[in-house]
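Visitor: Here it is, the structure, as structure tokens.
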Amino acid sequence: MKVLVANLGSTSFKYQLIEMSDETTLARGAVDRIGSPESSCTVEIGDWKDQRTMSVPHHGVAVEACLQQLTDPEHGCIKSADEVDAIGFKAVHGGRFSGVYRIDEEVLAAMEEMRDVAPAHNPPYVAAMRQLASSGGNIPLIAAFETDFHQTTPDAQRYYAIPKQWSDDFHIRRFGFHGNSHRYIAMRTAELIPGASRVISCHLGGSSSLCAIRDGKSIGTTMGMSPQTGLPQNNRVGDFDPFAIPLIMEKTGLSLTEVLNKLANEGGLLGLSGKSGDMRDLEAGAAEGDADCQLALDVYVSEVRRMMGGLLVLLGGADAIVFTGGIGEKGAEIRAKVCEGLEDLGIAIDRVKNGVAEGEMAVHSETSRTQIWRIPTNEELVVARKCVELLGK
């Protein structure tokens with residue numbers, strides 16, 4: 001069985017084609033600038049790399065373009081599109097739908113209900129899914145929602161302290177996100193560290209969250225009802241006191257919609273630094289003495305440590321702390337700062353191992369009671385596995 005796993009943006013389509021018999025990636029590619037006069041279509045199949053420029057007016061055409069490259073007579077990895085058994089989407093927020101579903105009008109309607117909660121994610125996904133569903137293809141379309149892994153969290157970790165009827169009637173609760181990544185870390189940690197029942201998964205990247213995992217199940221996470229919450233994100237605010245919003249509106253003259261747009265697009269590390277939300281830019285700026293870049297770094301690390309402390313209490317300690325995601329995997333200095341001064345809690349990182357870590361690697365010191373690992377995530381594989389389960393193949 002072959003599954004095409006799609007990661008969508010408003011003008012982009014990134015994918016991997018996975019052969020599920022041995023869970024190998026046959027191809028990976030991307031279509032950028034969808035809707036522009038010219039779009040770039042790239043693919044990697046083994047040692048072969050191809051880049052084509054063509055008109056891609058919408059995501060339906062993007063899929064057609066990628067299938068053309070995948071079926072290339074000389075270099076392709078499949079003979080025809082019929083060999084693709086499903087297209088799996090790393091969907092973000094389904095509200096009342098939190099699981100893995102064949103995409104139909106009811107699923108799309110549920111995603112549309114949450115469009116204002118996940119404005120950067122749901123609108124492009126819904127638009128693309130509709131285009132693909134109407135293109136007449138026979139490939140099953142499947143949504144694997146990021147919230148699925150967190151359905152095991154207890155009510156004490158899911159409810160806000162608001163009138164309970166609001167929570168129940170309007171689906172206002174802590175859903176949690178990055179579920180496919182945290183699920184992969186739960187599965188992979190169980191394989192690498194037998195007996196590690198208490199794990200803190202640190203998915204740190206342009207979008208970040210932590211997850212407390214007990215016996216392979218999520219029991220708490222740092223994101224709430226929307227992907228705007230929890231840790232400071234690349235350009236999204238993270239946790240923020242809602243009572244500050246009327247003050248901002250009064251002082252700036254901005255409307256509620258304008259304030260929310262700024263918090264969702266000009267907040268986070270970008271807002272703090274005033275320059276960039278990219279960790280590489282912030283570290284370079286801080287090294288040159290930029291105080292605002294240093295402030296963004298300090299706030300980010302401080303928030304990771306604060307929220308990790310809460311998860312440590314929730315778990316009653318941790319057998320393993322795992323760093324993953326773009327920052328978690330590549331940010332050796334961020335890993336070191338997050339773990340700094342925690343030796344009395346049994347958490348001690350080895351600076352030398354941490355500085356050279358690649359692939360799956362333990363970076364804790366010999367004196368550390370808690371194992372600390374760098375493990376690259378594989379969200380696409382989790383989505384592909386869920387597609388196989390749903391289709392019963």
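The values are calculated or read from the model by the stated rules, or taken from the named source; none is laboratory data. Owing to the predicted nature of the structure, the values given are computational and were not obtained by experimental measurement. A quick note on method: Cβ atoms are made from the backbone with ideal geometry, for glycine too, and the neighbour counts reach across all protein chains shown. To get the accessible areas, we keep the full protein, side chains included, count just its heavy atoms, and leave off ligands, DNA and RNA. Shrake-Rupley method; radii C 1.70, N 1.55, O 1.52, S 1.80 Å.
Visitor: I'd like to know if the range 92-99 contains one or more residues that are under 30 Å from ARG174 (Cβ atoms) and hydrophobic (A, V, I, L, M, F, W, C). If you could, list the steps in order and put the result at the bottom.
Guide: Looking only at the range 92-99, we keep the residues that are under 30 Å from ARG174 (Cβ atoms), and these are 92-99.
Next, only the ones that are hydrophobic (A, V, I, L, M, F, W, C) stay: 92, 97.
Yes: the range 92-99 contains one or more residues that are under 30 Å from ARG174 (Cβ atoms) and hydrophobic (A, V, I, L, M, F, W, C).
Visitor: Under 8 Å by Cβ, and 6 or more places apart or on different chains, what pairs join a residue from the range 334-352 that is under 21 Å from MET279 (Cβ atoms) and touching a residue at least 60 places away in the same chain (Cβ under 8 Å) with one that is of a type in the set (Gly, Ala, Ser) and surrounded by 14 or more Cβ atoms within 10 Å (Cβ to Cβ)?
Guide: Sorted first by the residue in the range 334-352, then by its partner, the pairs are ILE334/GLY328.
Visitor: Turning to a different aspect of this structure: Would you pick out the residues in the range 295-341 that are among the aromatic types (Phe, Trp, Tyr) and in contact with a Pro (Cβ under 6 Å, 6 or more places away or on another chain)?
Guide: Let us first name the residues in the range 295-341 that are among the aromatic types (Phe, Trp, Tyr), namely 300, 323.
Of everything in the range 295-341, just one residue is among the aromatic types (Phe, Trp, Tyr) and in contact with a Pro (Cβ under 6 Å, 6 or more places away or on another chain), namely TYR300.
Visitor: Kindly indicate whether any position in the range 2-11 is within 14 Å of PHE89 (Cβ to Cβ) and in a loop (DSSP other than H, G, I, E, B).
Guide: First, pick out the residues of the range 2-11 that are within 14 Å of PHE89 (Cβ to Cβ): 3-9.
Now narrow it down to the ones that are in a loop (DSSP other than H, G, I, E, B): 9.
Among the residues of the range 2-11, at least one is within 14 Å of PHE89 (Cβ to Cβ) and in a loop (DSSP other than H, G, I, E, B), which makes the answer yes.
Visitor: As an exercise: evaluate SER218 against (1) of a type in the set (S, T, N, Q); (2) modelled with pLDDT of 95 or more; (3) under 15 Å from the mean Cα position of the chain (by Cα) and give the number of the one condition it does not meet.
Guide: In the conditions (1) of a type in the set (S, T, N, Q); (2) modelled with pLDDT of 95 or more; (3) under 15 Å from the mean Cα position of the chain (by Cα), SER218 misses (3) alone.
Visitor: Cβ-Cβ under 8 Å, sequence separation 6+ or interchain: first residue in the range 31-60 and in contact (Cβ under 8 Å) with a residue 60 or more places away in the chain, partner among the polar types (S, T, N, Q) and loosely packed, with under 12 Cβ neighbours inside 10 Å. Which pairs?
Guide: Pairs that qualify, where the first residue is in contact (Cβ under 8 Å) with a residue 60 or more places away in the chain and the partner is among the polar types (S, T, N, Q) and loosely packed, with under 12 Cβ neighbours inside 10 Å, are GLY60/SER134.
Visitor: If you go through the range 261-276, how many residues are open to solvent by less than 30 Å² (accessible area, probe 1.4 Å) and not small (Gly, Ala, Ser)? Spell out the reasoning first.
Guide: Restricting attention to the range 261-276, the residues satisfying the condition of being open to solvent by less than 30 Å² (accessible area, probe 1.4 Å) are 264, 267-269, 273, 276.
Subset that is not small (Gly, Ala, Ser): 269.
Counting residues in the range 261-276 that are open to solvent by less than 30 Å² (accessible area, probe 1.4 Å) and not small (Gly, Ala, Ser) gives 1.
Residues are listed down the side, and each one gets a yes or a no for (1) modelled with pLDDT under 95; (2) part of a helix (DSSP H, G or I); (3) open to solvent by less than 40 Å² (accessible area, probe 1.4 Å):
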residue	(1), (2), (3)
TRP166	no, yes, no
ASN180	no, yes, yes
VAL199	no, no, yes
CYS211	no, no, yes
GLY230	no, no, yes
PRO246	no, yes, no
VAL259	no, yes, yes
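Visitor: Still on this model: May I ask you to list the residues in the range 209-245 that are in contact with a Lys or Arg (Cβ under 7 Å, 6 or more places away or on another chain) and closer than 16 Å to LEU315 by Cα?
Guide: The one that is in contact with a Lys or Arg (Cβ under 7 Å, 6 or more places away or on another chain) and closer than 16 Å to LEU315 by Cα: ARG214.
Visitor: Next question. Can you find, within the range 349-372, the residue that is most open to solvent (accessible area, probe 1.4 Å) among those that are over 13 Å from GLY328 (Cβ atoms) and either basic (Lys, Arg) or touching a Leu at 6+ places or on another chain (Cβ under 7 Å) (or both)?
Guide: Checked the range 349-372; the qualifying residue most open to solvent (accessible area, probe 1.4 Å) is ARG369.
Visitor: Select from the range 151-164 the residues that are open to solvent by 60 Å² or more (accessible area, probe 1.4 Å) and outside any loop (DSSP other than H, G, I, E, B) and list them in ascending order.
Guide: Across the range 151-164, the qualifying residues are GLN151, THR152, ASP155, ALA156, GLN157, LYS164.
Visitor: How many residues does the range 108-128 hold that are without any contact (Cβ under 8 Å) to a residue 60 or more places away in the chain, over 18 Å from SER209 (Cβ atoms) and not in a loop (DSSP other than H, G, I, E, B)?
Guide: 7
Visitor: Out of all the residues in the range 154-186, which are within 18 Å of SER209 (Cβ to Cβ) and free of Cβ contacts under 8 Å to residues at least 40 places away in the same chain?
Guide: ARG158, GLY179, HIS182, ALA186
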